[in-house]
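Undergrad: I'd like to ask you about the structure that follows.
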Amino acid sequence: MIDIKIIREKPDLVAESIRNRCTDLPFDLIIDMDIRKRKLLQEVEELRSTRNKVSDEIGIRKKSGKNCDHLISRMKEVNSEIKSIEKTLSVTDDELKKHILSIPNIPHPSVPVGRNETDNVVVKEWGEKHHIDFEPLPHWDIGEDLGILDFRRAAKITGSRFTVYHGMGARLERALINFMLDIHRTRHDYREVLPPFIVNDQSLTATGQLPKFADDLFKLEGCSYYLIPTAEVPVTNLHRNEILTEEDLPLKYVSYTPCFRSEAGSHGKDTRGIVRQHQFNKVELVKFVEPENSYNELESLLKDAEKILQLLNIPYRVIVLCTGDLGFSAAKTYDIEVWLPGQNRYCEISSCSNFESFQARRAGIRYRPKGRKKSKLVHTLNGSGLAVGRTVVAILDNYQKEDGSVVIPEVLRPYMNGAEIITGP
């Protein structure tokens, strides 16, 4: 959430941010609403001051035996005015809060200005593309031919954009989850946590999914509970409405969870295979850090996510998102995209973001610097480390052989009882 002080003191900065993000928001209305709220507050305070003075005068006149009927009548008028203005103030304040919650985060100055994904900037490429001297197949054909991905039965069980993993496919998914957790826990010093996969509406509001992205969520009927769209939500909310100490920071968590998304607005995009599913597994990295360190921590988080692909020897590139493609809550985001020879394109496998104080303000997550009484908002960061299904896709595409088999990356073999290759049934 944007600090109301920034809206008041630097309205041009916020207005420019909204324009650069290609977002249509009634910012002038928000400014006017804030002015009206402050005016109402001033009127209430003046009336309360008047009421106190009249009350004191009534007390003095009663003690001296003087008539005070006119003052009592005036008191009733003032009370009526206060109640009327307080009612208007409450409605105005609720409306203002709702509008402020709809304002996206202000991009960091280093974020390139652009309208959409075509304006994103490649900042790094890693690895040589695997030499494939035959016509490579896309992962959905490889998976079905090997009998490890079953889209037809998944559609029968649930519907489109679901998958049943069989045999070595299921083992590969499970191996990747354990491999990623182990690397981040032992090499990168993250604390592993397994949170609930269902959260309340306060948790989703705190991280920025509500109210703006309600259509992307799966809501449980008859209550204010939702299936999580990402582990970012429950893990960030571990410290909602808490004051941490400076010694606690940085706090680094790694979490495996399934994720559930309606994929509203993504019709026709990545509908084949397991790139864009309603249910998928992901290993997530979440950090709580001191503000002055947050951009160094973002670079570190990005390297932690990259390390998984480097160990798997899968070529990838890193891009920095432009203002028009930046996520609602993020101040800066790097996307990691893996090369998929079966589709002759790059595909996002991780987003690593710094939200600065945007989520912390909504969630009430603060820390107390050493030697100070006043607490400060932390900065929150998160990144996929990695999306597991898309990592399966990258392995099938990059490690496919002409006979239809798939070589298992060497670092994964201990997690698959030494198996070296996936062959057909």
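Undergrad: All but one of (1) open to solvent by 30 Å² or more (accessible area, probe 1.4 Å); (2) in contact with a strand residue (DSSP E or B) (Cβ under 6 Å, 6 or more places away or on another chain); (3) at pLDDT 95 or above hold for I177, so report the exception by its number.
TA: For I177, the exception is condition (1).
Undergrad: Please enumerate the residues belonging to the stretch 34-84 that are open to solvent by 100 Å² or more (accessible area, probe 1.4 Å) and outside any helix (DSSP H, G or I).
TA: Answer for the stretch 34-84, where residues must be open to solvent by 100 Å² or more (accessible area, probe 1.4 Å) and outside any helix (DSSP H, G or I): just K66.
Undergrad: Checking H130 against (1) part of a loop (DSSP other than H, G, I, E, B); (2) open to solvent by less than 40 Å² (accessible area, probe 1.4 Å); (3) touching a helix residue (DSSP H, G or I) at 6+ places or on another chain (Cβ under 8 Å); (4) farther than 30 Å from Q359 by Cα, which test does it fail?
TA: (2)
Undergrad: If we keep just the residues of the stretch 1-29 that are of a type in the set (D, E) and surrounded by fewer than 14 Cβ atoms within 10 Å (Cβ to Cβ), which is farthest from T118 (Cα to Cα)? Steps first, answer last, please.
TA: Initially, the stretch 1-29 is screened for residues of a type in the set (D, E), giving 3, 9, 12, 16, 24, 28.
If we keep only those that are surrounded by fewer than 14 Cβ atoms within 10 Å (Cβ to Cβ) as well, we get 9, 12, 24, 28.
Details: E9: 33, D12: 27, D24: 20, D28: 30 Å.
Checking each candidate, the answer is E9.
Undergrad: I've got another one for you. Starting from the stretch 333-345, take each residue that is under 22 Å from I106 (Cα atoms) and list its partners that are assigned to a strand (DSSP E or B) and open to solvent by 20 Å² or more (accessible area, probe 1.4 Å), counting only C-beta distances under 6 angstrom and pairs at least six apart or across chains.
TA: Qualifying pairs under 6 Å: T333/S351; D335/E348; D335/S351.
Undergrad: So, in the stretch 85-106, exactly how many residues are closer than 29 Å to L321 by Cα, part of a helix (DSSP H, G or I) and open to solvent by less than 30 Å² (accessible area, probe 1.4 Å)? If you could, list the steps in order and put the result at the bottom.
TA: Our first condition is that a residue be closer than 29 Å to L321 by Cα; within the stretch 85-106, this holds for 97-106.
Right, trim to part of a helix (DSSP H, G or I) and you get 97-101.
When the remaining residues are screened for being open to solvent by less than 30 Å² (accessible area, probe 1.4 Å), the result is 100.
Within the stretch 85-106, residues that are closer than 29 Å to L321 by Cα, part of a helix (DSSP H, G or I) and open to solvent by less than 30 Å² (accessible area, probe 1.4 Å) number 1.
Undergrad: Let me ask something additional. Give the number of residues within the stretch 118-160 that are modelled with pLDDT of 95 or more and within 19 Å of E348 (Cβ to Cβ).
TA: 13
Undergrad: Right, here's the next one. When the stretch 226-259 is examined, which residues are found to be without any contact (Cβ under 8 Å) to a residue 40 or more places away in the chain and aromatic (F, W, Y)?
TA: Result: Y226, single match.
Undergrad: Strands (runs of 3 or more DSSP E) wholly in the stretch 342-390 with at least 2 residues that are open to solvent by less than 10 Å² (accessible area, probe 1.4 Å) - which ones?
TA: Details: elements: 345-354, 366-368, 379-387.
Qualifying strands (runs of 3 or more DSSP E): 345-354, 379-387.
Undergrad: Suppose we filter the stretch 391-425 for residues that are among the aliphatic types (A, V, I, L, M), over 30 Å from P250 (Cβ atoms), out of contact with any Lys or Arg (no Cβ under 7 Å at 6 or more places or on another chain) and assigned to a helix (DSSP H, G or I); how many remain? Spell out how you get there, then give the answer.
TA: Pass one, the stretch 391-425, residues among the aliphatic types (A, V, I, L, M): 392-396, 406-408, 411-412, 416, 419, 421-422.
Of the ones still in play, those that are also over 30 Å from P250 (Cβ atoms) are 392-393, 395-396, 406-408, 416, 419, 421-422.
This time we only want the ones that are out of contact with any Lys or Arg (no Cβ under 7 Å at 6 or more places or on another chain), so: 392-393, 395-396, 406, 408, 421-422.
If we keep only those that are assigned to a helix (DSSP H, G or I) too, we end up with 392-393, 395-396.
The number of residues fulfilling the criteria is 4.
Undergrad: Output yes when any residue across the stretch 141-160 is closer than 20 Å to K212 by Cβ and basic (K, R), and no when none is. Spell out the reasoning first.
TA: Pass one, the stretch 141-160, residues closer than 20 Å to K212 by Cβ: none.
No, that holds for no residue.
Undergrad: Which condition from (1) among the aliphatic types (A, V, I, L, M); (2) within 29 Å of G424 (Cα to Cα); (3) surrounded by 15 or more Cβ atoms within 10 Å (Cβ to Cβ); (4) modelled with pLDDT of 95 or more is the one that L238 breaks?
TA: Of the numbered conditions (1) among the aliphatic types (A, V, I, L, M); (2) within 29 Å of G424 (Cα to Cα); (3) surrounded by 15 or more Cβ atoms within 10 Å (Cβ to Cβ); (4) modelled with pLDDT of 95 or more, the odd one out for L238 is (2).
Undergrad: Mind checking which pairs have a first residue in the stretch 119-148 that is at positive phi and a second that is open to solvent by less than 60 Å² (accessible area, probe 1.4 Å) and assigned to a loop (DSSP other than H, G, I, E, B), Cβ under 6 Å, 6 or more apart or different chains?
TA: The qualifying pairs are G127/P315.
Undergrad: I need the full set of residues from the stretch 212-231 which are touching a Phe, Trp or Tyr at 6+ places or on another chain (Cβ under 8 Å) and modelled with pLDDT of 95 or more, in order please. Before you say what the answer is, go through the steps one by one.
TA: Applying the first criterion (touching a Phe, Trp or Tyr at 6+ places or on another chain (Cβ under 8 Å)) to the stretch 212-231 yields 212-213, 217-220, 226-229, 231.
Within the stretch 212-231, L217, F218, K219, L220, Y226, L227, I228, P229, A231 meet the criteria.
Undergrad: Can you confirm whether the stretch 247-259 contains a residue that is among the aromatic types (F, W, Y), open to solvent by 40 Å² or more (accessible area, probe 1.4 Å), part of a strand (DSSP E or B) and modelled with pLDDT of 95 or more? Break it down into steps so the answer makes sense when it comes.
TA: Looking only at the stretch 247-259, we keep the residues that are among the aromatic types (F, W, Y), and these are 253, 256.
Add one more test, that the residue is open to solvent by 40 Å² or more (accessible area, probe 1.4 Å), and what stays is 256.
Still in the list and also part of a strand (DSSP E or B): 256.
Remaining after also requiring modelled with pLDDT of 95 or more: 256.
Yes, that holds for at least one residue.
Undergrad: Kindly provide the set of residues from the stretch 180-203 that are open to solvent by 50 Å² or more (accessible area, probe 1.4 Å) and in a helix (DSSP H, G or I), ordered by number. Spell out how you get there, then give the answer.
TA: Step one: filter the stretch 180-203 for residues open to solvent by 50 Å² or more (accessible area, probe 1.4 Å), giving 185-187, 189, 191-192, 194, 196-198, 201-202.
Scanning the stretch 180-203 gives R185, T186, D201, Q202.
Undergrad: Could you please find all residues in the stretch 288-330 being open to solvent by 30 Å² or more (accessible area, probe 1.4 Å), assigned to a helix (DSSP H, G or I) and touching a Ser or Thr at 6+ places or on another chain (Cβ under 9 Å)?
TA: Across the stretch 288-330, the qualifying residues are P291, Y295, D325.
Undergrad: Can you confirm whether L285 is of a type in the set (A, V, I, L, M) and assigned to a helix (DSSP H, G or I)?
TA: Details: of a type in the set (A, V, I, L, M): yes; assigned to a helix (DSSP H, G or I): no.
Against the criterion (of a type in the set (A, V, I, L, M) and assigned to a helix (DSSP H, G or I)), L285 does not qualify.
Undergrad: I want to confirm something. Restricting to the stretch 391-425 and keeping residues that are among the charged types (D, E, K, R) and surrounded by fewer than 13 Cβ atoms within 10 Å (Cβ to Cβ), which single residue is farthest from D304 (Cα to Cα)? Quick ask: steps written out before the conclusion?
TA: Quick first cut of the stretch 391-425, residues among the charged types (D, E, K, R) only: 397, 401-403, 410, 413, 420.
Next, only the ones that are surrounded by fewer than 13 Cβ atoms within 10 Å (Cβ to Cβ) stay: 402-403, 410, 420.
Working: E402: 33, D403: 34, E410: 19, E420: 26 Å.
Among those residues, the one meeting the criterion is D403.
Undergrad: Going by the conditions given, is P234 in contact with an Asp or Glu (Cβ under 7 Å, 6 or more places away or on another chain) and within 22 Å of E284 (Cα to Cα)?
TA: Numbers: in contact with an Asp or Glu (Cβ under 7 Å, 6 or more places away or on another chain): no; within 22 Å of E284 (Cα to Cα): yes.
No: the conditions fail for P234.
Undergrad: On to the next question. If you scan the stretch 204-228, which residues turn out to be open to solvent by less than 10 Å² (accessible area, probe 1.4 Å) and either farther than 18 Å from F280 by Cβ or touching a Leu at 6+ places or on another chain (Cβ under 6 Å) (or both)? Quick ask: steps written out before the conclusion?
TA: Pass one, the stretch 204-228, residues open to solvent by less than 10 Å² (accessible area, probe 1.4 Å): 204, 206-208, 228.
Those that are open to solvent by less than 10 Å² (accessible area, probe 1.4 Å) and either farther than 18 Å from F280 by Cβ or touching a Leu at 6+ places or on another chain (Cβ under 6 Å) (or both): L204, A206, T207, G208.
The values are calculated or read from the model by the stated rules, or taken from the named source; none is laboratory data. Computed from a predicted structure; not experimentally measured. Positions of Cβ are backbone-derived with ideal geometry, glycine not excepted, and every protein chain shown enters the neighbour counts. When the accessible area is computed, the model is the full protein with side chains, heavy atoms only, and any ligands, DNA or RNA have been set aside. Shrake-Rupley method; radii C 1.70, N 1.55, O 1.52, S 1.80 Å.
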